[in-house]
Structures are given as C-alpha cells and as structure tokens.
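The values are calculated or read from the model by the stated rules, or taken from the named source; none is laboratory data. Just so it is clear, the model here is predicted, and its values are computed rather than measured. Using ideal geometry, Cβ is built from the backbone for each residue, glycine included, and neighbour counts are taken over all protein chains shown. Keep in mind that these areas ignore ligands, DNA and RNA; they rest on the heavy atoms of the full protein, side chains included. Shrake-Rupley method; radii C 1.70, N 1.55, O 1.52, S 1.80 Å.
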Amino acid sequence: GEDVEQSLFLSVREGDSSVINCTYTDSSSTYLYWYKQEPGAGLQLLTYIFSNMDMKQDQRLTVLLNKKDKHLSLRIADTQTGDSAIYFCAEKDSGGYQKVTFGTGTKLQVIP
Amino acid sequence: DGGITQSPKYLFRKEGQNVTLSCEQNLNHDAMYWYRQDPGQGLRLIYYSQIVNDFQKGDIAEGYSVSREKKESFPLTVTSAQKNPTAFYLCASSTGTSGNNEQFFGPGTRLTVL
C-alpha cells in the first residue's frame, strides 16, 4: 500500500526558517497536503498542492514538490513559538475511493 | 457556527466492555472518517463513509464497528475484540472524496482502557 514517511522531530530557534520533509511512495498521487495538530486537538489543513505543481507559497508557508523523487517539503519562514505543533504530510491517490494516507507526523519545537 | 464535534474528550473503559464514541458534523458533508492516532504512527484509517447508510472498512477495522444512519452522525463503537484500544481517536468529514477533499477534523477523544 501507500507509504508516507516523515522524520519524527525538528527543533528550531524562533525567527529561523523551519523545513519539514516528507517522502511518499504512491506515483499516482493527485493532491498532497500539510496539516497541523496542536496538543490534544484535531488536525487543521495548512495548505495543499496539486500534483502538477512544483511550488506553492502562502504567506510564511512554502510548499515544494519534487514529483520525480516523490519528495514534499514545507518551509515555514520566521518561525514563531505558536508554530510549535505536529505537522502531518498526506497524499491522496487517484484510485476509486481516492484515499488520503497520512504520514507519521513531525513534531516541531520552537525554542524562544 | 459550522464544525465537527466529538464527545467525550476523555473516556475510560474497563477491559471487556464495548464503548461508543460520538461524532457529529453540521457542515453538510457527505463523507465521514474515523482515524486512530498512536505516538510515532501517524493516523490510521479505521472506517469511512462516503454517503448515508453506507460505510467501508479502512486499514485497521478489526474490533471496531460504525453506523451511518444520519448524514450528520458517524458513531464508532470500540468492541471488546479490539486488542489494544487505548489511543487517541479522530473523526473527520469532507464534502466528498473527489477533488481537493480537504478533511475537517474534530477535537478527538482519548480512550484509555483500564
């Protein structure tokens, strides 16, 4: 089945940029997503990118997609303490049900 | 205020008991989902429903059951057959399964088996 991998932990200093990486195996992915989860809460969609795009920018967030290498990244500029959370990468396949597969999540710790 | 709610937030169960987790949405979404979250394992799909009165097993359906009698409600029952039920359970909904398919999540229920 599909597999989505992320590193488990990232620590950055406030004001620096954060880059969270994700790799996936499904070559028929249509959409790729980044969700944010704050402690004890549900997930919230941050941004998404269609598979025929290679970059998307939304304020402090930049998503880069390398479809050949099946690699997705999320860059957060000027990282703030409020950005501390778990970030999930997810991909949607093109099959009949169009299932969304979530990664393991990367816990971002922002040091003041 | 549109949204998706789950109750209760915390739930304790004795071994051998069934327990039902509630999920309600007023977003008029057709599709609803149940996920289980364990540390370091991300989200795993338990069951999903694309439309009222229809649902399908996800990746880890054993020991769980669902119903979808109303569009806005998708309760999950954790049965005594589930070997390791202690986890954080998340419900989500979306307008459908095609297109962007943004999923909206509830706040979750943390189930602990004593």
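Per-structure values
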{"quantity": "Residue ranges of strands (runs of 3 or more DSSP E) in region A:65-112 with at least 2 members open to solvent by less than 10 Å² (accessible area, probe 1.4 Å) and either in contact with a Gly (Cβ under 9 Å, 6 or more places away or on another chain) or within 14 Å of chain B (Cβ to nearest Cβ) (or both)", "calculated": "A:85-92"}
{"quantity": "Yes/no for A:GLU5 being open to solvent by 10 Å² or more (accessible area, probe 1.4 Å), part of a strand (DSSP E or B) and either touching a helix residue (DSSP H, G or I) at 6+ places or on another chain (Cβ under 7 Å) or within 14 Å of chain B (Cβ to nearest Cβ) (or both)", "calculated": "yes"}
{"quantity": "Those residues of region B:56-97 which are open to solvent by 60 Å² or more (accessible area, probe 1.4 Å), part of a strand (DSSP E or B) and more than 12 Å from every other protein chain (Cβ to nearest Cβ), in sequence order", "calculated": "B:LYS70"}
{"quantity": "Hits in region A:10-32 (condition: modelled with pLDDT of 95 or more and within 13 Å of chain B (Cβ to nearest Cβ))", "calculated": "A:CYS22"}
{"quantity": "Complete set of residues in region A:70-112 that are at pLDDT below 95 and of a type in the set (Asp, Glu)", "calculated": "A:GLU91, A:ASP93"}
{"quantity": "Unmet criterion (only one of (1) surrounded by fewer than 18 Cβ atoms within 10 Å (Cβ to Cβ); (2) β-branched (Val, Ile, Thr); (3) closer than 20 Å to A:THR104 by Cα) for A:THR30", "calculated": "(1)"}
{"quantity": "Matching residues, region B:25-55, being assigned to a strand (DSSP E or B), open to solvent by less than 50 Å² (accessible area, probe 1.4 Å) and more than 30 Å from A:LEU10 (Cβ to Cβ)", "calculated": "B:GLN25, B:ALA31, B:MET32, B:TYR47, B:TYR48, B:SER49"}
